[in-house]
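A short worksheet on the structure shown next.
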Amino acid sequence: MKQSRLNHRFETLGHSVLGAPITWIPAKEDCELLVIAGIHGEEPETTISVSRALRSLPGLHDSIGIILCANPDGLALGTRGNAHGVDLNRNFPTANWQEHPTTCRWHYDENLAIPILTGSGPGSEPETKILVNAIQRSKPFVILSLHGPLGCIDDPVLSKEGRWLEKVTGLPLVADIGYSTPGSMGTWADENGIDIITWEFPCHSIEQLSRSQVPVLMEIFRGNSPFTSR
Ligand SMILES: [Zn+2]
C-alpha cells in the first residue's frame, strides 16, 4: 500500500535565501550514492518522483542519502534559480565559474534565451554552500543529479551505473550534454574526484514519469542496482 507521508528521518542541512529548510535523509552507513533532486525550481517532477518512490517502499537502502529539494525557494517561486535569481547549477566554486549571466530556454525547441544569473562569486549562494557541505560530509561514491526534460543519462565516464540506467530507463547514455555548463555541480564534482551522473527525465507529465522513471528509482532505493553493489 502506498504511504501518504514520508516516514524517513530528515535532518536540516541549512536554510535557503528565504529561510526555507534544506533537508536530507542522510545515509546510515558509508554513502555509496547521494541523490539530489530539485536543484532547478522549474523541475518539480524530480522532487515529486523521488518522493513517490520513497513513499512506495517500506525503507531505504542504508548506503543511500537523499536531498529531496535542493532549491526550495525556486520551487515555491516557480523559477529555475533561487530567490536571488541565481542558477545554483552555475554557482558552484569551480575553476571555470563565469561572472556574466548565462541563459536557459523555456522551450527546448525554441531559441528564446532567458538570462539567468550565476551569483556574485563562485559558491556565493547559501543553497550552493549547503550542497557542497553535504557532499563533502557524506563523501558519496556517486552523485545522481536529477533534472528534466532533456531525456538522457549524462555520464562522462560511461560507468556501469550509467549503462545500467540507460538499460532500465530506455534513455540514451551520453558522455556530454552538448553545451557548456561553467560552475555546474558536475564540473565541481569532477574537480573534486567524485563521480556524478545526471539523470535528465524525459519531457513527460508527472503521471507518465510515475510509470516510467519512478519504478527505476524504487529499484535503486531498494538496493537492487549497481549503485549499491560495492
Ligand atoms: Zn535542470
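The values are calculated or read from the model by the stated rules, or taken from the named source; none is laboratory data. Predicted model, so just to flag it, every value in this text is computed and none were measured. Because the Cβ atoms are built from the backbone with ideal geometry, glycine has one as well, and the counts that use them run over all protein chains shown. Accessible surface areas use protein heavy atoms only, side chains included; no ligands, DNA or RNA. Shrake-Rupley method; radii C 1.70, N 1.55, O 1.52, S 1.80 Å.
Side notes on the structure shown:
- Region 119-148 versus region 19-57: alpha-carbon centroid distance in Å: 13
- Summing Lys and Arg as +1 and Asp and Glu as -1 over all other residues whose Cβ lies under 12 Å from the Cβ of Ser138 gives a net charge of -1.
- Between Cys104 and Ile114, Ile116, the built amide H atoms are under 5 Å apart, and every one of these is 5 or more places off in sequence or on another chain.
- Accessible area per residue for region 84-161 is 48 Å², calculated with a 1.4 Å probe on protein heavy atoms, without ligands, DNA or RNA.
- Taking a sphere under 14 Å around the Cβ of Ala20 and counting the other residues whose Cβ falls inside, with K and R at +1 and D and E at -1, yields a net charge of -3.
- Cα gyration tensor shape of the chain, rounded if a/c is under 1.5, else prolate or oblate by comparing a/b with b/c: rounded
- With every protein chain in place, region 1-107: carbon and sulfur % of accessible area (1.4 Å): 51
- Cα gyration tensor, region 136-230 - rounded (a/c under 1.5), prolate or oblate: oblate
- Peptide ranges 139-151, 15-27 listed from the most packed, as the mean C-beta count within 10 angstrom indicates: 139-151, 15-27
- Model label points for Val17 and Arg137, set 7 angstrom from Cα along the Cα-to-Cβ axis, are 2.3 nm apart.
- Cβ-derived FRET efficiency at R0 30 Å, Ile206 paired with Arg163, nearest 0.05: 0.65
- With the convex hull drawn around the C-alpha atoms of region 6-96, the volume per residue stands at 107 Å³.
- Around Ile196: net Lys/Arg minus Asp/Glu count, Cβ-Cβ under 10 Å: -4
- Estimated from helical segments only, the mean residue ellipticity of the chain at 222 nm is -8000 deg cm²/dmol, where each DSSP H run of four or more residues counts as -39500 (n - 2.57).
- Cleavage-rule hits (GluC sites (Glu not before Pro)) in region 1-94: DSSP loop, at most 14 neighbouring Cβ within 10 angstrom: Glu29
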